[in-house]
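Single-structure report; data block below.
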Amino acid sequence: MNVKNASGDDVYHPDPDCVECVKDLIRFLRRDDNTHEIRRSLGDLAVVKSDLLPILRDHSNNRELFDVTLRLLVNLTNPELLLFKEELPEDKETRNFFLQIQNHRQSYKEAFVDQQLWTILSKTLGALLKKDWDERLEDDKLIIERILILVRNVLQVPTNVRREHRTEDDATIHDQILWVLHQGGMQDLLLYIASSDLEQQYCLHILEIISLMFREQDPMSLASANLGRSKAEKDADEEALSKAVMREEQKQQARSKAKLVSRHSRFGGTYVVKNMKSITERDLIVQKPLANVNDVDFDKTKRGVKKAKNRLAPENLDNVRRSTMPVRLFLKEFCVEFLHSAYNNLMNVVKDALNRQKAQMNDETYYLWSMRFFMMFNRGHELKLELVSETLSRQTFHFLQQQMDNYRDNFDHEKKNRPKYLMWGRRMHLCIR
């Protein structure tokens, strides 16, 4: 990108042709091939962490540079499923490209754990939202939408469980993103857009962002979160500890029994099972002692019957974990404010957009997920029905019935195509819940 870092301070100093270099990268990505070679090369070079984020953080006053850098960041952080036409690649080489892009996005998410960066984004978004509707330029509207899409893309990055090795009550990368987002003041802007009648065109983005914020949270435990640990949490931790101790004791007993047997298993002897004939007229011969005749198993060495792909049950994608206490308290406060100020208005606007087909193909899943999550949270917190009156109406029930029929028809139609078959199955399950 022909830029350089100043030696002596942490401020990023771009060269005069930095804007043109960023524009060139945008053009290169637009002409990328099916293997996404340019995108993967930029990920290997780590330009997001070393160049783009410092430019966005240190040069927000340069409107042209800020705009093109934001465009490039939105492009580079787009979900990998969008790049592969919403289908997981089957062949090995393309699957490796998919995983490589996913790993790059996970490293981008770690780089976004920067409070100063989120403060700059919040200030920029807040300044644009303060303008009256008739005073906003077309570029202002585009920057607002790009900032929201960038937030969505960062929160959407899947968690790398193997790399992080986080336990319950520990701060994952996702929790750290939520915390710096809160420290930067972004959550107040999200609540404002959700509750404002003048910003309805961004409501689908807001609902998707909120659903991604709470994707790993349990609404009932979140509703009961406080500074002290609840009795249910203590009981659950004690039960998990006792199970772990029991498993360790069983492993220790198995190891001690194995040490007592001095001879190798091939010298275990040969035994005859009385009153059970083999394929001949003689008694059955086995190679190990049996305490119960029902333990005789002839299927251990057989190859199992492979189940058809369209008959396999869909995987459970509800990964629920307990975040650190500050993050849970912040999310609980956000839920309470959202229910009191924006829930009914936002859900009504989103349902109207879905009915008028102003949304994308899978946007109704965020609507269904949010409906279930916040109704459960309301039931566990204070149970005020007026806060969720929009989702208890007859019109909403009719909308759910229509979605159910649509999902069932597509589910029956796509039985031979496993990815789409599972997709429609998950959506129908979400609608039932």
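The values are calculated or read from the model by the stated rules, or taken from the named source; none is laboratory data. Note that the structure is a prediction, hence the values are computed from the model and not measured. Every residue, glycine as well, gets a Cβ built from its backbone with ideal geometry; the counts of neighbours run over all protein chains shown. To get the accessible areas, we keep the full protein, side chains included, count just its heavy atoms, and leave off ligands, DNA and RNA. Shrake-Rupley method; radii C 1.70, N 1.55, O 1.52, S 1.80 Å.
The residues of the range 373-399 that are out of contact with any helix residue (DSSP H, G or I) (no Cβ under 7 Å at 6 or more places or on another chain), within 16 Å of LYS332 (Cα to Cα) and part of a helix (DSSP H, G or I) amount to a single one, ARG379. Kindly establish whether ARG27 is surrounded by fewer than 18 Cβ atoms within 10 Å (Cβ to Cβ), modelled with pLDDT of 90 or more and over 20 Å from GLN102 (Cα atoms). Yes, satisfied.
Only a single item in (1) within 23 Å of the chain's Cα centre (by Cα); (2) open to solvent by 40 Å² or more (accessible area, probe 1.4 Å); (3) within 30 Å of PRO14 (Cα to Cα) is not met by ALA127, and it is number (1). Close Cβ contacts (under 7 Å, 6 or more residues apart or on different chains) running from residues in the range 342-356 that are on the phi > 0 side of the Ramachandran plot and surrounded by fewer than 19 Cβ atoms within 10 Å (Cβ to Cβ) to residues that are outside any helix (DSSP H, G or I) and small (Gly, Ala, Ser) are absent.
GLY268 passes every criterion in (1) open to solvent by less than 90 Å² (accessible area, probe 1.4 Å); (2) modelled with pLDDT of 85 or more; (3) farther than 25 Å from THR365 by Cβ apart from (2).
Output the residues belonging to the range 89-102 that are farther than 24 Å from VAL113 by Cβ and either loosely packed, with under 14 Cβ neighbours inside 10 Å or within 17 Å of the chain's Cα centre (by Cα) (or both). Of everything in the range 89-102, those that are farther than 24 Å from VAL113 by Cβ and either loosely packed, with under 14 Cβ neighbours inside 10 Å or within 17 Å of the chain's Cα centre (by Cα) (or both) turn out to be GLU90, ASP91, LYS92, GLU93, ARG95, ASN96, PHE98. Given the structure, is GLN156 under 19 Å from MET325 (Cα atoms), modelled with pLDDT of 90 or more and not aliphatic (A, V, I, L, M)? No; evaluated as a whole, the condition is false for this residue.
Got a sec? Which of TYR407, TYR366 is part of a helix (DSSP H, G or I), open to solvent by less than 40 Å² (accessible area, probe 1.4 Å) and either among the aromatic types (Phe, Trp, Tyr) or touching a Gly at 6+ places or on another chain (Cβ under 6 Å) (or both)? Step by step, each of TYR407, TYR366 is checked, and only TYR407 is part of a helix (DSSP H, G or I), open to solvent by less than 40 Å² (accessible area, probe 1.4 Å) and either among the aromatic types (Phe, Trp, Tyr) or touching a Gly at 6+ places or on another chain (Cβ under 6 Å) (or both).
The residues of the range 315-371 that are of a type in the set (D, E, K, R) and farther than 22 Å from CYS431 by Cβ, listed by number, are ARG321, ARG322, ARG328, LYS332, GLU333, GLU337.
Criterion applied to SER195, SER107 was being farther than 27 Å from VAL320 by Cα and polar (S, T, N, Q), and the one residue passing it is SER195. Residues considered: ILE177, ILE120, ILE149. Of these, the only one that is within 26 Å of CYS335 (Cα to Cα), of a type in the set (Val, Ile, Thr) and either surrounded by 20 or more Cβ atoms within 10 Å (Cβ to Cβ) or touching a Cys at 6+ places or on another chain (Cβ under 6 Å) (or both) is ILE177. Annotation note: Cβ proximity below 7 Å between a residue of the range 37-58 that is under 14 Å from TYR108 (Cβ atoms) and without any contact (Cβ under 8 Å) to a residue 60 or more places away in the chain and a residue that is surrounded by fewer than 22 Cβ atoms within 10 Å (Cβ to Cβ) and among the aromatic types (Phe, Trp, Tyr) (sequence gap 6+ or interchain) occurs for PRO54/TYR12.
Conditions tested, residue by residue: (1) closer than 17 Å to ASP24 by Cβ; (2) modelled with pLDDT under 90; (3) open to solvent by less than 70 Å² (accessible area, probe 1.4 Å).
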| site | (1), (2), (3) |
| --- | --- |
| LEU42 | yes, no, yes |
| LEU52 | yes, no, yes |
| ASP58 | no, yes, yes |
| LEU65 | yes, no, yes |
| THR69 | yes, no, yes |
| LEU72 | yes, no, yes |
| ASN78 | no, no, yes |
| LEU82 | no, yes, no |
| GLU87 | no, yes, no |
